[in-house]
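Data first, discussion second: the structure below is written as C-alpha cells.
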Amino acid sequence: MIEVRNLQKSYGELDVLAGVSLRVEQGEFVSILGPSGCGKSTLFSILTGIEPADGGEILIDGVPPTEPRPFAWMPQSDALFPWRTVEQNIALGFEVAGGLGRREASERARALLPTFGLEGFADTRPYHLSGGMRQRAALARTVAQGRNTLLLDEPFGALDALTRTDLQLWLGEIWARERWTVVLITHDVREAVLLSDRVYVLGPRPGTVVGEFEVSLPRPRGIATLGSPAAAELEVELLQALGVGQSAAH
Amino acid sequence: MSRARGILERVWPPLVVLALGVVAWELYSRLSGIGNAVLPPPSRVAESGWADHASLWDNTLPTLREVLIGFALSLVFAFVVSVAIDASGIARRSLMPVLVGSQTIPLIVLAPLVVIWFGFGLTPKILLVALVTFFPIVVGLVEGYASSDRDAITLLRTMGASWSKTFRLVRLPAALPGFFTGLRIAITYAVVAAIFAEYAGAEFGLGVYMQGAKASFRTDLVLAAVVVSALLTLVLFAATYVVQALVIPWYAESKRVPQ
C-alpha cells in the first residue's frame, strides 16, 4: 500500500502542494482529478524522486521507499524515441529499469506486443504510428519497467475525443486482466469514472485534496457504463467537487 | 523513382544559374578584349585545365588528404569537448568563450604562423583545417544535446539511469541531426583552410598549384584549380548527406511523415 501524508511543495513563493494526503492499495486503480496547474504532475515528480518534497512523507507498506522506487512513470508526452523501433522503445523499460541484456529485453518486449495491440509493429518507428498506438507503446514501455505501480500522467490528454474514448475502454479491459496498481492523473471526469476504483479530487493551486470518491460501478465496465444513471450521478458530483459551473463569471 | 526525380529537380536550378553565369563570362572575355592573362574565358579555363589535368590531380590529392585527416582530428576533439561541455557547467562556461574567441583569429594571419611553428609538412595544414572546422561541429553537438526531449531525460532518471547511460541513450542520438548540420558548415570551410595553409608554405597541393600558376601569369590555370577546389567541397558536402542517411535514417523519414 502506498501512503502519501501531508505532502507539501513550493517553488519559491509559489505553493504548489499544500498538504496532500492519499493512499493507494495494492491492485487498485486510483485517479487524481484536478484542474490544470493544481500540482498533479508535481506529485508524480515527488513520488518518483525527481524532486524532493518540502514536507510530508511517502510510505510504502509503512516504510519510506527504497531505491529504485517502485514506480513506473509515463510522461504526458509519450517520449518515444524516434531512433528506436516500437520493440526497442518498449525494451528500454526492461533494459534500463530492469537491467536486462539487450537481447533478452528485446525478446520480452516482443512478447508484450500482442497485449498492447501492437502485433506486427515491432520494427515500426514511432512516427509511423497513430496517436493511439503511440500511447499504447508508451504504456507498454511503462509496464516493461517491472515496477509495482504505474504512474500515468494524463496519458490520453493529447488524443482526439474518439481515440481517447477507445483507449480508455481498452485500458479498462487490459487493467481488468492485469490488475496493475495504477495512479492516473487526469482532468477528464468521465475517464476517472470509467476506470477508477477511487477518485481523489484536487482543488486549484495550491493543491489539496478536496474530495475522495469511491467508484462502486460494477466491473467489467464498458461503453454502456457511461450511460448508467450511477455513472452520470458520480460525474455530476465530481464536477461539483471540482467547482465547475459554480462561478458566476462563466 | 520519385526520389531520383526529387534530386533532379533540386539540381537543375543551380545548374541553370551556373550556365548563365558561364555564358556571360565567356561573352565578356571574348568581346571586351580584356586579355587571357586578366580574365580568360571559361572555355579556355576548361581547355587548359584539362591539358594539365595530371598535375591538377596530383595536387588535389594532397589537399584532399589534409582535409580528411584534419577533419578526422577535428571530429575527435569536437566530440570530447562537446561531451565535457554537456557534462559540466564549469566546462561550458570556461570553454565556450575561448572557442568563440578562437574563431575571430583571421586565417590569413594564422596560416603563416602555423607554418613557422610546425614547418612545411602535413602538420600545419591538418591543424588549420581542424581549427576552422572544430567550432561548427562543437556547436552542432552541444546545441543538439540541449535539444533532447526533457520528458525522455526525466523518464530515464525515473528508471534510475546514470548520466552516461542517459547520454548514450537519449542525448547523443538526439544531437545527431544538429551534428550533421554543423558538419556541413564545417566541411565548406575545410578545403579553403587547407588551401590557405598551402599558400603559406607547402610542396604540393591546390594552394601551391594556384600560387605557381599565378606567378607565371597563368590565370586560366588558377581558375581551373579554383573550379577543382569548388568541386571538392561540393563532393564532400554531398558525402555528409550520404553518411547522414546511413547513420540516422529515422531523421529524414520522420520529417517526411505528415503529422
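Coordinate-derived values only; no laboratory data. Worth saying up front: this structure is predicted, and the values here are computed from it rather than measured. In this analysis, Cβ positions are derived from the backbone assuming ideal geometry, glycine residues included, and neighbour counts consider all displayed protein chains.
Using a 7 Å offset from the Cα along the Cα-to-Cβ direction at both B:Ala215 and B:Val100, what is the distance between the two label points in nm, to one decimal?
Taking the simple label geometry, B:Ala215 and B:Val100 are separated by 4.2 nm.
Could you check what % of the DSSP bridge pairs in chain A are antiparallel, to the nearest 5?
50
Expressed as an acute angle from 0 to 90° and rounded to the nearest 10, what is the orientation of the C-alpha long axis of helix B:89-102 relative to the principal long axis of chain B?
The two axes meet at around 10 degrees.
Run lengths n ≥ 4 of DSSP H only: what is the helix-derived mean residue ellipticity at 222 nm for chain A, with -39500 (n - 2.57) per run over all residues, to the nearest 500?
-9500 deg cm²/dmol
Mind checking Rg over Rh on the protein assembly as shown, alpha carbons, Kirkwood formula for Rh?
With Rh from the inverse mean 1/r over Cα pairs, Rg/Rh is 1.15.
Is the C-alpha gyration tensor of chain B telling us rounded, prolate or oblate? Criteria: a/c under 1.5 is rounded; beyond that, a/b larger than b/c is prolate, otherwise oblate.
oblate
What net charge do the residues around B:Phe196 carry, taking every other residue with its C-beta under 15 Å from that of B:Phe196, with Lys and Arg at +1 and Asp and Glu at -1? Please report the intermediate quantities before stating the final value.
On the way: positive: B:Lys125, B:Lys214; negative: B:Glu66, B:Glu198.
Net charge around B:Phe196: 0.
Within 10 Å of each Cβ of A:76-88, how many other protein chain Cβ atoms are there on average?
4
Send over the semi-axes of region A:146-250's equivalent ellipsoid, whole angstrom and largest first, taken as the square roots of 5 times the C-alpha gyration tensor eigenvalues.
23, 17, 14
Considering every residue in A:94-100, what mean count of other chain Cβ atoms within 10 Å of its Cβ is obtained? Walk me through the numbers before you get to the answer.
Numbers: counts 0, 4, 10, 6, 1, 2, 0.
If you average over the peptide's residues, the count of other-chain Cβ atoms is 3.
Report the label-to-label distance for B:Glu143 and B:Leu107 in nanometres (one decimal), using points 7 Å from each Cα along the Cα→Cβ vector.
2.0
Based on DSSP, what percent of beta bridges with both residues in the protein assembly as shown are antiparallel, to the nearest 5?
Taking every DSSP beta bridge within the protein assembly as shown, about 50 percent pair in antiparallel fashion.
Against the longest alpha carbon principal axis of chain B, how many degrees, from 0 to 90 and to the nearest 10, is the axis of helix B:172-200 turned?
On a 0 to 90 degree scale, this one is about 30.
Using alpha carbon centroids, what distance separates region A:183-250 and region B:180-202, in Å?
With region A:183-250 and region B:180-202 each reduced to a Cα centre, they are spaced 65 Å.
With an 8 Å Cα cut-off and a minimum separation of 6 or more residues, compute the relative contact order for region A:1-124 in percent.
In percent, rounded to a whole number, it is 21.
From the backbone phi of region B:236-251, what are the Karplus-calculated ³J(HN,Hα) couplings (6.51 cos²θ - 1.76 cosθ + 1.60, θ = phi - 60°) in whole Hz, Gly and Pro given as x?
These are the phi-based 3J(HN,Hα) values: 5, 4, 5, 4, 5, 5, 5, 4, 4, 5, 7, 7, 10, x, 5, 5 Hz.
Return one number: the angle in degrees, 0 to 90 and rounded to the nearest 10, between the long axis of the Cα atoms of helix B:53-87 and the longest principal axis of the Cα atoms of chain B.
So the helix axis and the longest Cα principal axis differ by about 20 degrees.
Starting from the Cα gyration tensor of chain A, take the square roots of the eigenvalues, sort them a ≥ b ≥ c, and report rounded, prolate or oblate (rounded when a/c is under 1.5, otherwise prolate if a/b is larger than b/c, else oblate).
Oblate.
Quick check: Cα centre of region A:135-177 to Cα centre of region B:78-136, how many Å?
Measuring centre to centre over Cα atoms gives 50 Å.
Using a ≥ b ≥ c from the Cα gyration tensor of region A:1-122 (square roots of the eigenvalues), is it rounded, prolate or oblate, where a/c under 1.5 gives rounded and otherwise the larger of a/b and b/c decides, a/b for prolate?
prolate
Given region B:24-102, report the % of alpha carbon pairs whose separation exceeds 15 Å.
Taking all Cα-Cα pairs of region B:24-102, the fraction more than 15 Å apart is 73 percent.
So what does the Cα-only Debye profile of region A:158-215 read at q = 0.18, 0.22, 0.23 Å⁻¹, as log10 I(q)/I(0), no solvent term?
Results for region A:158-215 at q = 0.18, 0.22, 0.23 Å⁻¹ read -0.70, -0.95, -1.01.
Could you work out, residue by residue across B:157-164, how many beta carbons of other chains sit within 10 Å of that residue's beta carbon, and then give the average as an integer?
6
Once you list every other residue whose beta carbon is under 11 Å from the beta carbon of B:Gly205, what net charge do they have if Lys and Arg are +1 and Asp and Glu are -1? Could the numbers behind the result be given before it?
Values: positive: B:Arg65, B:Lys125; negative: B:Asp58, B:Glu66, B:Glu198, B:Glu203.
Result for the local shell: -2.
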